[in-house]
Amino acid sequence: MSKQFGILAFVVLTAAMAALPFGIGEYGHGVLVGMMSYIVLASAWALFSGPTRYVSLATVAFFGIGAYTVAVLADHLPFGAILVVAGVIGLGVALLVGMATLRLAGVYFVIFSFGLAELVRQLITWFETSVTHTLGRYIFVEITTVQIYWLLLGLAVITLALRWWIEQSRLGLAVHAIGDDETVARHAGVNVTGVKLALFAVSSVLITLAGAIQAPRWTYVEPSIVFNPTISFITLVMALLGGPGRMWGPVAGAVPLYFLFEWIATRFPDQNAVILGLVFVAIVFLVPGGLLSLIDKWRARGSGEQSHA
Amino acid sequence: MFLSTLVIGLVLGGTYALIALGLTIQYGIARIMNLAYGEITIAGAFFVLMLVSAMGLSPILGLILVVPLGFAISWLVYGVVLHPLVKRATHGGQLEIDSILVTFGLMFLAQGLFTMFFGSEFKGYNWLQVPVNLLGAKIAAGRMLGLVIAVLIGGGLWIAMQRTRWGVNLRAVANHPEFAPLVGIDRDRAARMAFGLGGGIAAAGGAVLSMYQPFTAIDGGFLTMKALVIVIMGGVGNLGGALMAGLLIGVVEAFVSYAIDPGLTLAATYAIFLGVLLWRPKGLFA
Amino acid sequence: MDFTRRGLVAATAVCALTLTSFSGMAAAQDRTSIRIGYAVSKTGVNAAGANTTTIPNYELWAQDVEAAGGLTLPDGSKLPLEIIAYDDRSATEDLVRSVERLARQDEVDFILAPWGTGFNLAVAPLFARFGYPQLAGTSVVPNIDGLSDRWPNSFWLLGSSEAYAHSLVDVLKPAVDNGALNGKVAMISIADGFGIELSSGAREAFTDAGLDLVMDKTYPLGTQDFATLLQEAEGSGADIFVAYSYPGDTFAITAQAKLASYNPKVFHPGVGTNFPVYAPMNDGKVEGVMSLGGIDANSPAIQDYLARHAEILGKAPDSWASPVIYASLQMLQQAIERKGLDREAVSAELASGTFDTILGSLSLEDNQLKDLWYIGQWQNGNFVGISPTDKAGVADAVIPKPDWN
């Protein structure tokens, strides 16, 4: 019963989100694209990092690979085919990296993933400057902002549906076992490495696609633009704010934070960094378990009061 | 050419090592991954810049003054912002995430404040730009000083860690945080001390940096990342390791630039770093 | 199992709440001011450049217009400026969205260009689509076929990489021919769009002019040490050293060259050489250093501009893009005075009209400003233009450059 209601509500919400661009102007479309992009990034990030508790800063490595693939292939292939190629490249890199690194734990993985993003950026830069001699690339793809938004919405739906399916299936149990205690999970017969690798790969492909879909909005692409490490940090903060352990957590973190950032950038352009910094600190102190945990607390208090009455 | 490239690399590495020393103490003992570390360095650089350009004082005096200042700021930051998180954390993972978030916020905050007060242009002054000839390489005297200070601080701390009661306590916390209270060591005090000490070294690094290189309000981020790479390569909390790893990275960058392709210097740094992580995740010298 | 209703409801509520606030906010306005908007990198990696060249000149111009009682319209009436400024945080996605906001939400009358080549390219399609003229004063001309057909109301004011390369060759060639220089060039360039564009232009021009490119290396963004590169340049025996570098690198390259007493007969580092801070940072010992840009230090208009910039903003402008940006704003101002607030007409006027600016009388060819100082040299405390060699007010190049001390 609850499940049917959930699916129905999800479909209605998706349809409503798809219809949103009709009511608002072009700036609104840009806002929607930015918001949906971070919904995808944060949800895809949490797909891997939520249950396994691996904190990854490699987001922008895959995001940039996606965008760069579009920049290289824009003149040669139709956009749809480019997306496929980008996804395959993202998958390849994710598998390669995943196999090598997923035995690292804790902060070692954090720093590794950051180093990975920098390494990818340096290698692409070097390749472009020394081999192809064309560093900046132009992207002339005929696609409207609203179409980009719909593509991202589709990607968001896929990401959330995947998360839901994983939580439902036996895989979900295995994944949570790993997050709680890897050694115990291993002893219980969970193929720890395989599960982690699969999650990392899926999450990375989704992030790659997010970068690829958005790239036509920028016309001109070079490594320092698409491998901007801030993207990794913002994704991480959004997912953590909402609570990466829940399906809707990253969404609940991404949407308000995105609008907050947008509001600060337009309203206080000169104090942007200071306010952002304070917001981060405030989040850690005021919402330690993620925004969605507040609902739990609030409910618990509500039922507690009822029992007193 | 070989010798002078080696010297250039060692001097470059000396600067990296100096900046990484403070971070390895902070991370090794206080167990906080401090993403705002480089901001203390830049704060030190701005402080010395003000002394030199506004008051006409010597940068050396600035270097001496900036260390207690860096110590005090970091001590306060730990007490006010980080200690509550340490107390609150139920498991290591939670503290890790909290400290990444909160120090990332502090980084933004500090960069914003620097920009508001000093603007975002390149800042710098000119001092000790006289060449010292070393095995065919001409090195700025200011830079040489950086190397000397790095070795002095690194060596001094290492001796203090090995020989004094204070050092033994700190090391005990670094190596076996769970047993430290059993032998009467106040873990919290040790962590606060380490955090302040790291901040003092970071500020000293900034003072030295300002002597030979212009900087901007947002340079701290790069410094933090470089320092983190060195800390991990050297082994967390390992002073000698950080010194060696810093020098190693400097030498590798110089030789890749000279013998292979300057376009690959940073790629080589990260490749080596990733290699070390995979091959010896506890650091080169564990 | 985790598909909880309350999570879903919460997410929906947040989405709905935030989105309603973004619809239908633009209200009709009666004309009491002219709204000018811009989005530049106030924070992030581009901030150092934007705060040196773009932002100060936008602010200076706004103050000048205010002091003059506002912008003059064709009927002679004056309207005050209303400035709307956003921070793009050095991210293209934020920039694109800010420009969409300025055009569609704030409905500003004109939008000033962002800072940098890549960022100007990123918004060119938007300016074209929304019908705003784009006066790009901090972007070299992009290497795109049919540029002015693709974006007819974009104007590129900082010259093309070919023009920089040929202007440099024009300075060097006579000295090579009369034996003052040996004709060997050592070149290093930064690995990003700017460095690649300028170095590939230079490579071609040097070869065409018969110069011998004995060293040609690229270094990545974030390089801190140039000792090995300069050691190699010195070892190459080249009389001419050219670097297409960014400000931080330019300062480091110069400091290292002085330190190593590396004094090639032509020393030409990149962006940053033209910054006011360059001379004091090197104890004023910069005589003879060449680079991109330059000014006519004897022009009264420029002298007046330098003085006002220093007085009003408390700092000197750079000697390359700063005067160009200020001139571009004067062009916009005069186009508005002639054609009013009709953006189509203003764009057409910018493309075909002649304007009286601090850089003299300017007019654009193919949407580009070509009458520029491409190469300058530090002479007696000023970074003066030495090429094009036939431009009015040109100073003679000093070759070989004197000793560092």
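For this structure, a couple of remarks:
- Selection status of A:Phe48, crowded, with 23+ Cβ neighbours inside 10 Å, away from every other protein chain (no Cβ under 12 Å) and assigned to a helix (DSSP H, G or I): yes
- Scanning the stretch C:185-240 for residues that are in contact (Cβ under 8 Å) with a residue 40 or more places away in the chain, away from chain A (no Cβ under 14 Å) and small (Gly, Ala, Ser) yields C:Ala186, C:Ala205, C:Ala209, C:Ala233, C:Ser236, C:Gly237, C:Ala238.
- Test: residue in the stretch A:262-276 that is within 14 Å of chain B (Cβ to nearest Cβ), in contact with a Ser or Thr (Cβ under 7 Å, 6 or more places away or on another chain) and under 30 Å from C:Gly37 (Cα atoms): yes
- In the stretch B:34-59, the residues that are within 16 Å of B:Gly205 (Cα to Cα) form Cβ pairs under 6 Å with partners that are acidic (Asp, Glu), at six or more places apart or across chains, as follows: B:Ile42/B:Asp219.
- Qualifying residues in the stretch C:149-184 (those that are of a type in the set (Gly, Ala, Ser) and without any contact (Cβ under 8 Å) to a residue 60 or more places away in the chain) - the one farthest from the other protein chains (Cβ to nearest Cβ): C:Gly179
- Set side by side, the residues B:Ile272, B:Ile249 differ, and just one is surrounded by fewer than 24 Cβ atoms within 10 Å (Cβ to Cβ) and in contact with a helix residue (DSSP H, G or I) (Cβ under 9 Å, 6 or more places away or on another chain), which is B:Ile272.
- Qualifying positions in the stretch A:268-299 - surrounded by fewer than 21 Cβ atoms within 10 Å (Cβ to Cβ), assigned to a helix (DSSP H, G or I) and of a type in the set (Gly, Ala, Ser): A:Ala282, A:Ser293
- Selection of strands (runs of 3 or more DSSP E) fully inside the stretch C:158-273 by the criterion of at least 2 residues being within 28 Å of C:Asp371 (Cα to Cα) and under 26 Å from the mean Cα position of the chain (by Cα) returns C:184-190, C:240-244, C:266-268.
- Boolean, A:Leu260 is in a helix (DSSP H, G or I), buried (at least 24 other Cβ atoms within 10 Å of the Cβ) and either touching a strand residue (DSSP E or B) at 6+ places or on another chain (Cβ under 6 Å) or not aromatic (Phe, Trp, Tyr) (or both): no
- Number of residues in the stretch B:108-143 that are without any contact (Cβ under 8 Å) to a residue 40 or more places away in the chain, surrounded by fewer than 19 Cβ atoms within 10 Å (Cβ to Cβ), away from chain A (no Cβ under 14 Å) and not β-branched (Val, Ile, Thr): the value is 4.
- Against the test of being in a helix (DSSP H, G or I) and in contact with an Asp or Glu (Cβ under 9 Å, 6 or more places away or on another chain), the options A:Ala252, A:Ala265 yield a single qualifying residue, A:Ala265.
- The stretch C:368-405, subset among the small types (Gly, Ala, Ser) and buried (at least 16 other Cβ atoms within 10 Å of the Cβ), residue modelled with the lowest pLDDT: C:Ser387
- Within the stretch C:209-221, not a single residue is touching a Phe, Trp or Tyr at 6+ places or on another chain (Cβ under 6 Å), assigned by TED's automatic domain parsing to the domain that holds C:Lys258 and crowded, with 24+ Cβ neighbours inside 10 Å.
- Considering C:Ala316, C:Ala310, C:Ala297, the condition of being surrounded by fewer than 24 Cβ atoms within 10 Å (Cβ to Cβ), hydrophobic (A, V, I, L, M, F, W, C) and farther than 30 Å from B:Met211 by Cα is satisfied by C:Ala297 alone.
- Within the stretch B:162-172, none of the residues are within 30 Å of C:Glu232 (Cβ to Cβ) and in a helix (DSSP H, G or I).
- Filter result for B:Gly79 (surrounded by fewer than 23 Cβ atoms within 10 Å (Cβ to Cβ) and either within 12 Å of chain A (Cβ to nearest Cβ) or at pLDDT 90 or above (or both)): yes
- The single condition from (1) within 28 Å of B:Phe118 (Cβ to Cβ); (2) of a type in the set (A, V, I, L, M, F, W, C); (3) assigned to a helix (DSSP H, G or I) that C:Ala316 fails is (3).
- Hey, B:Val81 in contact with a helix residue (DSSP H, G or I) (Cβ under 8 Å, 6 or more places away or on another chain), assigned to a helix (DSSP H, G or I) and more than 20 Å from B:Val236 (Cβ to Cβ) or not: yes
- Residue that is farthest from C:Ile295 (Cα to Cα), among those in the stretch C:343-367 that are among the acidic types (Asp, Glu) and surrounded by fewer than 16 Cβ atoms within 10 Å (Cβ to Cβ): C:Glu344
- Condition met for B:Ile232 (farther than 14 Å from B:Leu18 by Cβ, within 14 Å of another protein chain (Cβ to nearest Cβ) and under 13 Å from the mean Cα position of the chain (by Cα)): yes
The rows are residues; the columns are (1) of a type outside the set (A, V, I, L, M); (2) touching a Cys at 6+ places or on another chain (Cβ under 6 Å); (3) assigned to a helix (DSSP H, G or I).
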{"site": "A:Glu142", "(1), (2), (3)": "yes, no, no"}
{"site": "A:Leu155", "(1), (2), (3)": "no, no, yes"}
{"site": "A:Thr159", "(1), (2), (3)": "yes, no, yes"}
{"site": "A:Leu173", "(1), (2), (3)": "no, no, yes"}
{"site": "A:Arg186", "(1), (2), (3)": "yes, no, yes"}
{"site": "A:Gly194", "(1), (2), (3)": "yes, no, yes"}
{"site": "A:Leu197", "(1), (2), (3)": "no, no, yes"}
{"site": "A:Ala239", "(1), (2), (3)": "no, no, yes"}
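- Within the option set A:Val55, A:Val40, being in contact with a helix residue (DSSP H, G or I) (Cβ under 9 Å, 6 or more places away or on another chain) and in a helix (DSSP H, G or I) holds for one residue only, A:Val40.
- Hey, B:Ile100 of a type in the set (Val, Ile, Thr), crowded, with 19+ Cβ neighbours inside 10 Å and part of a helix (DSSP H, G or I) or not: yes
- Just one of the listed residues (B:Gly38, B:Gly22, B:Gly13) is within 12 Å of another protein chain (Cβ to nearest Cβ) and assigned to a helix (DSSP H, G or I), namely B:Gly13.
- Look at the stretch B:233-260: where a residue is within 13 Å of B:Gly154 (Cα to Cα) and a partner is surrounded by fewer than 22 Cβ atoms within 10 Å (Cβ to Cβ) and modelled with pLDDT of 85 or more, sitting 6+ places away or on another chain with Cβ atoms under 6 Å, you get B:Leu247/B:Leu10.
The values are calculated or read from the model by the stated rules, or taken from the named source; none is laboratory data. A quick note: this is a predicted structure, and the numbers were derived from the prediction, not measured. Heads up, the Cβs are rebuilt from the backbone with ideal geometry, glycines too, and the neighbour counts pull from every protein chain shown.
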